[in-house]
Amino acid sequence: MLGLDKKDAVLLVIVAVLTMFAPFILNPFPEGSAMAQFNAGYPDLMQRFVIFGIFAIGFNILFGLTGYLSFGHAAFLGVGSYAAVWMFKLLSMNVIPAIVLAVIMSGLFALLIGYISLRRSGIYFSILTLAFAQMMFALAYSVLTPITGGETGLQLALDDPRILGQSQTPEGNIPVPGLFGFEMRDSAELVIGSWVFTFNLGYYFCGVILLLAFYLAIRIFRSPFGMMLRAIKSNQQRLNYTGINPKPYTLAAFVISGMYAGLAGALMASMDPLAGAERMFWTASGEVVLMTILGGVGTLIGPVLGAGAIKYMENIISKINSDILHSWFAFLPDGLEDFVVTIVYPFIGKGWHLTLGIIFMLVVIFLPGGLVEGGQRISSWLRNRRARRDDRRSKTEPAE
Amino acid sequence: MGILEVKNVGKRFGGLQALSEVNLSVAENSVHAIIGPNGAGKSTLLNCLVGKLIPDTGSVMFDGQSVLGRSPFEINQMGISRVFQTPEIFGDLTVMENMMIPIFASRDGSFRMHAVESVVSESEVVDYAEQMLEDMNMADKRHMHAAAMSRGDKRRLEIGMCLSQKPRLLLLDEPTAGMARADTNNTIDLLKQIKEDRDITIAIIEHDMHVVFSLAERITVLAQGTPLVEDAPENIKGNPKVREAYLGESA
């Protein structure tokens with residue numbers, strides 16, 4: 001199917017089903033029930049799952065295949081966001097030109113930064129990319145205020161030209177990003193019993209782009225180019241003496257992953273048309289590293305899972321507060337209830353980073369291959385168990 | 001005029017004159033061994049041939065073209081393949097992928113952006129790699145991770161990878177170092193077979209006299225960074241200068 005072998009096609013179908021049915025899958029609990037706060041099926045969060053999924057897929061093309069750990073990839077995310085918002089200010093509120101410009105601009109930035117940073121490898125490469133990203137953050141925050149909006153960020157205004165669109169709507173509002181007349185914030189709701197499912201146009205737009213991005217990543221992984229990138233990670237010396245120049249290959253991988261980041265940045269701006277310098281801060285670069293490692297470095301679906309897991313924790317665990325905890329543990333005797341709540345409290349709310357840190361440590365120590373390795377272990381365990389059971393059955397049968 | 005002409009090559013590392021006035025001519029389609037005691041400059045010389053080091057003086061010509069100042073990948077593209085002392089292969093990749101990479105390199109050059117077509121659809125490369133693995137008796141291992149193989153198999157694979165590029169000159173850097181006798185003999189047989197089957201020039205750096213005298217048609221003895229003698233194997237054995245270089249003057 002589509003030039004993929006069976007295993008990859010199955011993977012693509014799985015991701016397609018997950019993305020298309022996410023409003024159902026992520027909303028398993030009825031509205032108003034105690035568990036409803038674990039629902040993640042609202043547009044804002046689903047968009048973030050998908051956008052960070054794209055970001056992590058792109059990052060994995062560089063880190064997972066070549067082993068070059070960039071610690072400044074958020075810079076390209078920021079460039080993409082700024083470029084997209086500028087398109088909304090100058091051209092029109094259509095998201096397509098915004099995305100195209102964002103991908104081109106982030107590609108150019110990646111070409112420049114990659115060309116310089118790739119003169120070194122290992123930790124020095126990581127430090128160079130980190131330095132570039134922090135420089136770009138500092139510039140965006142201060143000197144480049146006319147272009148980036150500085151501290152307040154880049155926002156749309158009523159007097160923006162928007163030469164192909166309109167500066168303001170007839171009602172005197174700032175127009176919202178859209179796609180040929182449809183607005184990104186358009187949503188439809190489906191109510192079944194006490195369940196409410198929201199289908200948001202912006203989410204489905206991002207979802208389709210995620211599928212395209214994922215499909216392209218599979219093609220790259222399975223191409224001779226992808227094989228060369230893995231060879232770079234494995235043994236650069238042998239590659240050199242085999243007549244291959246590793247430099248253009250790593251640079252191409254760097255630019256491709258920078259363009260993925262720019263695409264993600266543009267989608268962020270398309271969902272919510274503003275861009276701030278904090279998107280380029282080093283913690284944002286670190287986050288995508290965590291996503292990729294948590295999901296599984298060098299695997300196809302790992303980064304998507306990692307991005308989903310981290311964004312879910314960030315949004316759901318951080319919303320739990322002590323009142324909710326007390327209501328959960330209300331069945332316990334008073335003293336014990338307070339005790340349990342005190343123990344659990346540091347891990348929720350603002351403490352969600354602590355939970356993330358512990359999960360990350362456990363994954364790195366016990367599942368170095370990330371969530372994907374966890375899945376593989378479970379499925380091989382199940383397969384073994386079934387095989388053993390079949391064995392036993394076939395052994396007992398002759399006795400009858 | 002040999003296929004590889006080394007003239008007056010000198011290389012100094014700080015206070016150490018590693019090579020001085022090295023002259024060497026490797027005739028086309030011959031097996032030429034370079035031997036010498038530890039520290040004689042064998043590896044330095046080899047590194048000057050493949051672009052890892054640039055000599056301070058002299059010239060290195062391959063097939064009438066200078067190799068000096070070129071990167072290792074450019075020199076490989078000129079037709080020189082190198083086998084390392086410890087097998088250098090792509091350990092994280094499968095044996096089949098290991099074999100395909102050099103074939104892609106000789107077909108597509110040092111860089112080609114073929115990012116959307118799939119590897120398995122490149123039937124001409126796949127078929128050739130399959131056939132090379134058959135030739136190297138490794139077809140049954142094609143899906144194995146290369147790092148999981150025994151040392152002898154890794155060596156065999158590395159030689160196969162170099163041969164798949166149909167190099168005009170194959171450089172071997174102590175190909176049997178650290179090998180058991182049986183593996184050493186297998187490697188000797190393999191190299192003999194290769195020499196019989198194809199038009200190829202082999203230059204071999206070796207410590208093990210057994211290997212040298214079973215393969216070489218011509219031997220250069222290097223001592224203290226400079227060639228001592230160059231002769232046919234039967235004349236090298238009895239040469240007093242060689243004995244002196246290896247065993248010291250008293251012998």
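The values are calculated or read from the model by the stated rules, or taken from the named source; none is laboratory data. The model shown is predicted, which means the values in this text are computed figures rather than measured ones. Cβ coordinates were reconstructed from backbone atoms using ideal geometry, including for glycine residues, and neighbour counts include every protein chain displayed.
Summary table below
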quantity: All positions within the stretch A:122-159 that are among the polar types (S, T, N, Q), modelled with pLDDT under 90 and either surrounded by 13 or more Cβ atoms within 10 Å (Cβ to Cβ) or touching a Gly at 6+ places or on another chain (Cβ under 7 Å) (or both); calculated: A:Ser142, A:Thr145, A:Thr148, A:Gln155
quantity: In the stretch A:213-255, the residues that are farther than 20 Å from B:Pro102 by Cβ and either without any contact (Cβ under 8 Å) to a residue 24 or more places away in the chain or more than 8 Å from chain B (Cβ to nearest Cβ) (or both); calculated: A:Ala213, A:Phe214, A:Tyr215, A:Leu216, A:Ala217, A:Ile218, A:Phe221, A:Leu251, A:Ala253, A:Phe254, A:Val255
quantity: Qualifying residue in the stretch B:44-61 (condition: out of contact with any helix residue (DSSP H, G or I) (no Cβ under 9 Å at 6 or more places or on another chain), over 17 Å from B:Thr226 (Cα atoms) and more than 14 Å from chain A (Cβ to nearest Cβ)); calculated: yes
quantity: Single unsatisfied condition, A:Phe347 versus (1) free of Cβ contacts under 8 Å to residues at least 24 places away in the same chain; (2) surrounded by 14 or more Cβ atoms within 10 Å (Cβ to Cβ); calculated: (1)
quantity: Within the stretch A:16-67, tally of residues that are under 30 Å from A:Met227 (Cα atoms) and either without any contact (Cβ under 8 Å) to a residue 24 or more places away in the chain or aromatic (Phe, Trp, Tyr) (or both); calculated: 7
quantity: Residue count for the stretch B:63-95, restricted to those that are touching a helix residue (DSSP H, G or I) at 6+ places or on another chain (Cβ under 6 Å) and more than 7 Å from every other protein chain (Cβ to nearest Cβ); calculated: 6
quantity: Helices (runs of 4 or more DSSP H) fully within the stretch A:158-253 counting 1 or more residues that are more than 24 Å from the chain's Cα centre (by Cα); calculated: A:224-234, A:236-240
quantity: Pair list, Cβ < 7 Å and 6+ apart or interchain, from the stretch B:13-30 residues that are in contact (Cβ under 8 Å) with a residue 12 or more places away in the chain to residues that are among the acidic types (Asp, Glu) and assigned to a loop (DSSP other than H, G, I, E, B); calculated: B:Asn29/B:Asp199; B:Ser30/B:Glu217
quantity: Options A:Ala56, A:Ala16, A:Ala36, A:Ala40; residue that is away from chain B (no Cβ under 14 Å), part of a helix (DSSP H, G or I) and modelled with pLDDT under 85; calculated: A:Ala36
